[in-house]
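Rule-based calculations on the coordinates, nothing more; no lab input. In this text the structure is predicted, and so the values were computed from the model without any measurement. Glycine also receives a Cβ, built like all others from the backbone with ideal geometry; neighbour counts cover every protein chain displayed.
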Amino acid sequence: MSAFIPVFPLGLVVYPGEELHLHIFEPRYRQLIQDCADTGAPFGIPTVLDKQVTELGTLVRLREIREIHDNGEMDIVTDGIKVFQLAGPLRLPPAKLYSGAPVEYLADHPAGNRQVMREIIQGIKELHATLQIQKKFAKKDALLWSYDVAHHAGLSLREEYHLLTLRSERERQAFLQRHLQKILPLAQEMEKLKERVKLNGHFIPGAAEF
């Protein structure tokens, strides 16, 4: 299935099912958001990597314009819907400041392994505990899948984009598992290093003195 949609390229990855808050300040994108508010039409957020618009992005629906500031800037809330692939170049529609593009919506295989998901969630919680940070998931653990936890797993922007390219839940789970198996030992080593640095050469209780 293909369509022509307005697009708002950003240097981030949006996943289906994700709630995204944005502050809109450029006039062209204020026009885009107002048009979507008036018509109920969705828009696309393709990811920008290395200053280039990538071929994949996520269709989002405007949930609400939370505030319009005195200078016309907006605070909005959107919901991610589904992944698309650009099917042609970006171009300006008639009488519009913002670009649009033809896109094709990609099929996905959402069936995943619940036990593997539990292991991924536990790994992310271990990572957070090691780094001494607190982040809450938006859903109960039993309802979480890969898209719900990807932003919590310490992925780089390029890695988050790679996850978006994977067209099955099992592939995404395998990718997150490999990532956590690699990054958890590194985080734990860094925490040990921090503790050694804190000691600063002082006497360690229980250690022998010579």
Quick one, can you get me the convex hull of the C-alpha atoms of the range 39-170 expressed as volume per residue in Å³? 166
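Can you tell me the dipole magnitude for the chain around its Cα centre, using point charges on the Cβ only (Lys, Arg +1; Asp, Glu -1), in Debye to the nearest 20? Write down the numbers at each step before the final one.
Numbers: 26 positive and 27 negative charges, 91 e Å.
Value, rounded to 20: 440 debye.
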Vicinal HN-Hα couplings computed from phi for the range 103-113 (Karplus, 6.51 cos²θ - 1.76 cosθ + 1.60; Hz; Gly/Pro x): 9, 10, 8, 8, 5, 9, 10, x, 6, x, 9
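Among the listed pairs Lys96/Lys139; Lys51/Lys136; Lys51/Lys140; Lys135/Lys182; Lys136/Lys182, give every one whose C-alpha distance is greater than 27 Å.
On the way: Lys96/Lys139 38 Å; Lys51/Lys136 31 Å; Lys51/Lys140 36 Å; Lys135/Lys182 21 Å; Lys136/Lys182 22 Å.
Result: Lys96/Lys139; Lys51/Lys136; Lys51/Lys140 exceed 27 Å.
Excluding Pro9 itself, calculate the net charge of residues whose Cβ lies under 12 Å from the Cβ of Pro9, where each Lys or Arg counts +1 and each Asp or Glu counts -1.
Working: positive: Arg28, Lys51; negative: Glu26, Glu55.
Charge balance near Pro9 sits at 0.
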Residue-by-residue Karplus 3J(HN,Hα) for the range 155-161, coefficients 6.51, -1.76, 1.60, Hz, glycine and proline x: 7, 6, 4, 5, 5, 4, 5
HN-Hα couplings for the range 27-34 via Karplus (6.51, -1.76, 1.60; θ = phi - 60°), in whole Hz with x for Gly/Pro, come out as x, 5, 7, 5, 5, 4, 5, 5
Scan around Val13 for amide H atoms under 5 Å from its own, H built in the peptide plane at 1.01 Å from N, and keep only partners 5 or more places away or cross-chain. none
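Please order Thr165, Thr78 by the number of other Cβ within 10 Å, starting at the fewest. List each step's numbers first, then the result.
Numbers: Thr165 15, Thr78 24.
Ascending number of Cβ neighbours within 10 Å: Thr165, Thr78.
What 222 nm value per residue comes from the helices of the chain, counting each DSSP H run with n ≥ 4 as -39,500 (n - 2.57) and dividing by all residues, nearest 500 deg cm²/dmol? Write out the running numbers ahead of the final one.
Working: 5 runs with 75 residues, N = 210.
Dividing the helical sum by the residues of the chain leaves -11500 deg cm²/dmol.
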